[in-house]
Amino acid sequence: MLVTPTFHGYHRSIARAFGSRGYEVMTHCYDAFESFPDKLRNKARFELPARLGFDGHAHAETWATRRALAVLREAQPDRVVVIKGDTLGGEFWHHLDEHRTPRILWLYDDLRRHRFTDEFLRKVGPVVSYARAEAQQLCARGIQSTFVPNAFDPDLTSPSARRSGEIVFVGARYANRVDLLTQLGKAGLPVRAYGRQWSHHLFDRLRTWELARPSVPAERDIPLQRAYAVQAEAAAAVNIHGPQAGLAMRTFEVPGMGGLQLADRQDVGEFYDVGKEVLVFESASELVELAVRAQRDHVWSERIREAGRRRSLAHHTFAHRIAEVDALWV
């Protein structure tokens with residue numbers, strides 16, 4: 001059983017990869033607000049109190065834990081992979097302990113964004129982190145931890161030969177991302193951002209609790225499958241990290257789909273040949289220079305796209321990552 005957040009549907013790729021290894025996989029999304037009343041309750045009981053300075057976590061934990069326990073009791077899984085899971089209360093973990101259910105806790109976000117204590121992590125079982133530095137920190141604190149980087153799903157959709165000519169970014173809005181995309185626009189490049197925090201649509205402004213938006217041309221949220229295509233079809237897809245320890249999913253998704261990636265971190269070189277499979281920038285001026293060349297030099301960009309896709313298919317799919325996770329059961 002996968003017990004997971006809904007987060008862009010990545011659990012579907014993970015489930016497929018486990019299924020390809022012979023598992024019968026059941027998925028429970030512990031934070032799924034599927035009906036309109038559920039979504040309204042989430043805004044009123046969890047998000048609004050947080051916006052007003054109150055802690056809405058207790059209500060969210062009770063709601064998520066009750067639902068997850070009901071599914072566990074009915075399914076009685078042989079093994080459980082919990083992704084993130086810090087909205088699940090003690091009763092959930094006690095149930096796994098009581099039934100001696102093998103479990104793995106998979107953190108594909110930074111430690112500072114989780115509510116787990118070191119004491120809990122020492123007891124919970126194998127911990128997987130998407131950031132090498134944080135996996136090393138956990139090990140140094142006596143926590144059984146393994147580094148497993150993010151990945152891409154080649155079965156989600158097929159690459160396209162279409163090219164939009166735009167420089168795109170898909171993801172959350174942070175100040176550094178606004179600054180870099182704004183500078184690309186000022187340089188005369190056709191820029192477009194995707195996501196509810198960028199969107200100028202009134203509904204998106206209301207549901208993100210803010211009315212102001214940067215002047216960057218933007219679209220609303222798009223499904224993961226569409227995000228794969230948008231990034232691959234762009235003249236270049238910009239990979240601008242926020243304040244995070246590990247490399248984002250798009251690090252592997254863009255080259256995996258045959259896209260041209262402009263990344264802001266040198267450590268992408270652990271996974272790709274910089275200059276031949278992905279491109280890295282260290283300043284706004286360098287980003288503009290690379291984006292301009294991506295638009296003009298199609299032979300050069302297509303060569304990088306092809307090399308990045310070959311590398312991704314050979315080493316960086318979810319099937320590769322699940323093989324690593326599957327070796328951790330105790």
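The values are calculated or read from the model by the stated rules, or taken from the named source; none is laboratory data. Every value quoted in this text rests on a predicted model; they were computed, and no experiment measured them. Every residue, glycine as well, gets a Cβ built from its backbone with ideal geometry; the counts of neighbours run over all protein chains shown. Ligands, DNA and RNA are excluded from the accessible area calculation, which covers all protein heavy atoms including side chains. Shrake-Rupley method; radii C 1.70, N 1.55, O 1.52, S 1.80 Å.
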Practice prompt. Would you work out the charge dipole size for region 229-286 about its Cα centre, treating the Cβ of every Lys and Arg as +1 and the Cβ of every Asp and Glu as -1, and quote it to the nearest 20 debye?
Written response: 100 debye
Discussion item. Based only on Cα atoms, what mean projected area does the convex hull of region 155-214 have, in nm²?
Written reply: 5.6 nm²
Worksheet item: Mind checking Rg over Rh on region 149-305, alpha carbons, Kirkwood formula for Rh?
Response: 0.94
Practice prompt. Please report, to two decimal places, log10 I(q)/I(0) for the chain at q = 0.11, 0.12, 0.14 Å⁻¹ as given by the Debye formula with identical point scatterers on the Cα atoms and no solvent.
Written response: -0.77, -0.91, -1.21
Item to complete: Work out the length of the dipole vector of region 68-132 about its Cα centre, built from +1 on the beta-carbon of each Lys and Arg and -1 on the beta-carbon of each Asp and Glu, and round it to the nearest 20 debye.
Response: 220 debye
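With n ≥ 4 as the cut-off for DSSP H runs, can you work out [θ] at 222 nm for the chain, using -39500 (n - 2.57) per run divided by the number of residues, rounded to the nearest 500?
Taking each H run of at least 4 residues, the total per residue is -12500 deg cm²/dmol.
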Worksheet item: How much of the accessible area of the chain, probe 1.4 Å, is carbon plus sulfur, in whole percent?
Response: 51 percent
Worksheet item: For region 144-186, what are the per-bin percents of Cα-Cα distances with bins 5 Å wide, up to the bin holding the maximum?
Response: 5, 12, 14, 16, 16, 19, 12, 4, 2, 1
Worksheet item: Under a 1.4 Å probe, what is the accessible area of the chain per residue, stated in Å²?
Response: 47 Å²
Practice prompt. Check the straight Cα-Cα distances from LYS276 and name the aspartates and glutamates below 16 Å, setting aside those fewer than 8 residues away within the same chain.
Written response: ASP264, ASP267, ASP297, GLU302, GLU306
Fill in: Kirkwood Rh and Cα Rg combined as Rg over Rh, evaluated for region 246-290
0.93
Worksheet item: Under unit Cβ charges (Lys, Arg +1; Asp, Glu -1), what dipole magnitude, rounded to 20 debye, does region 123-222 have relative to its Cα centre?
Response: 180 debye
Worksheet item: Hey, if you put +1 on the Cβ of every Lys and Arg and -1 on every Asp and Glu Cβ in the chain, which of VAL168, GLN144, ALA319 ends up farthest toward the positive end of that dipole?
Response: VAL168
